[in-house]
Structure formats: C-alpha cells, structure tokens
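For reference, the structure discussed in these notes is given below.
The values are calculated or read from the model by the stated rules, or taken from the named source; none is laboratory data. Please read these numbers as outputs of a predicted model, since none were measured by experiment. Cβ coordinates were reconstructed from backbone atoms using ideal geometry, including for glycine residues, and neighbour counts include every protein chain displayed.
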Amino acid sequence: MQIATEELLERVAGHAFWVSYLQRAMNPTSRVGIHLAIFSEPYLSLVLDGNKTVESRFSRVRCAPYGEIEDGDIILIKQVAGPIRGITLAARTWCYDLLREPLAHIRSRFGTRVCAGEDFWSSQSDSLYATLIELSTTLSLGAVQCEKHDRRGWVAMRTRQLALSF
C-alpha cells in the first residue's frame, strides 16, 4: 500500500502541530505508530467536523487496531473507496476484552462521543473485542491518494513494535 508522504506533508502545511509531528513520525527511527482508518458516511463527516471525538472498532477476533494502536499514534482518515481526507491523533486508547468488560459499560462511558445510534450498539452484541480511541487535533485535508485494494477497515501501517525492529 502506497501513500504519497510528500503530498501528505503538503496538505498539512500551515498547521504547525501536524507539520512538526508528521515530519518526526516519518523518520525511520520514530516510535510513533501510523494507521490508516477507513470511514463511511456519516462517520467520516462527523470525525472531520469534530463532532465524533471517539472512534470505536469492534470485532470477533483480535485484529487491528486492537492491541496495536497506542496513545500518540497518527491516524490517517480514509474515505471508503476514496482518498485520505484527514488526519487525527490518537490522544488516548483503550482495548477491551468484551468477555470481561460489558458492552453496556463501554456504551455508557463513550456512547455520546462515538456518535452512534441504537442499531450500531445492537450490531456489536456478538463482538468479543473493542478498541476505543479518543481523537484529537483532527484536520481535514484535500484528497491524498492512497492505493488500497483490500477490505480491511483498519491498517496498522507502522506500529510501535514494528518501529522498534528497524
């Protein structure tokens, strides 16, 4: 999967935090994780306009971002079947084993910030794992092309574990 890093840096130009943070993160010795998260509407717009401040990912198997994202990691916000449309910081992250932590507790703690309705929460009832990510410093970008052809909704492009192996 290819992302034009120079184009990404051009898109954040003028935003001091992201210019500095992204340049440091792209250094091969950086320990900052970089993730690609795929969003459909209405969640894409809710994240980009700042109304959705916690992203949730549920699954029946342990897969990204569960156990792979950490506080301070970068999340590239990609539109389903489209370009990267934004960037955000994982300010805080929580991973839950839903056999130990009831879904109702997660919903009561994060529900309004996840911006999801009853149908969403009902559809998660058979999930075994949950990752919740507090989003910060979200910035909308002009379209940045990204070649991604699989069906994964989350791609850990570089985790802190991978960064340590360089």
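Computed quantities for the displayed model
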item: Segments classed as helices (runs of 4 or more DSSP H), wholly inside the range 3-106, with at least 2 members that are small (Gly, Ala, Ser); result: 16-25
item: One residue from 61, 32 being aliphatic (A, V, I, L, M), within 24 Å of residue 151 (Cα to Cα) and in contact (Cβ under 8 Å) with a residue 12 or more places away in the chain; result: 61
item: Residue within the range 73-87 that is modelled with pLDDT of 95 or more, out of contact with any strand residue (DSSP E or B) (no Cβ under 6 Å at 6 or more places or on another chain) and surrounded by 21 or more Cβ atoms within 10 Å (Cβ to Cβ) present; result: no
item: Qualifying position, being basic (Lys, Arg) and farther than 30 Å from residue 107 by Cα, among 57, 62, 85, 11; result: 11
item: Residue match in the range 105-117 (condition: in contact (Cβ under 8 Å) with a residue 40 or more places away in the chain and under 24 Å from residue 29 (Cα atoms)); result: no
item: Residues of the range 58-70 classified as touching a Leu at 6+ places or on another chain (Cβ under 9 Å) and surrounded by fewer than 20 Cβ atoms within 10 Å (Cβ to Cβ), total; result: 4
item: Residue tally, condition on the phi > 0 side of the Ramachandran plot and not in a strand (DSSP E or B), over the range 108-143; result: 1
item: Boolean, residue 20 is within 24 Å of residue 146 (Cβ to Cβ), at pLDDT 95 or above, of a type in the set (S, T, N, Q) and buried (at least 18 other Cβ atoms within 10 Å of the Cβ); result: no
item: Residue 137 crowded, with 19+ Cβ neighbours inside 10 Å, of a type outside the set (A, V, I, L, M, F, W, C) and touching a residue at least 60 places away in the same chain (Cβ under 8 Å); result: no
item: The range 111-151 - residue that is at pLDDT 95 or above and among the charged types (D, E, K, R) and, of those, nearest to residue 35 (Cα to Cα); result: 134
item: Among residues of the range 1-52, those that are aliphatic (A, V, I, L, M) and touching a helix residue (DSSP H, G or I) at 6+ places or on another chain (Cβ under 8 Å), counted; result: 9
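Conditions tested, residue by residue: (1) over 16 Å from the mean Cα position of the chain (by Cα); (2) surrounded by fewer than 17 Cβ atoms within 10 Å (Cβ to Cβ).
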residue: 93; (1), (2): no, no
residue: 97; (1), (2): yes, yes
residue: 101; (1), (2): yes, yes
residue: 106; (1), (2): yes, no
residue: 118; (1), (2): yes, yes
residue: 122; (1), (2): yes, yes
residue: 132; (1), (2): no, no
residue: 141; (1), (2): no, no
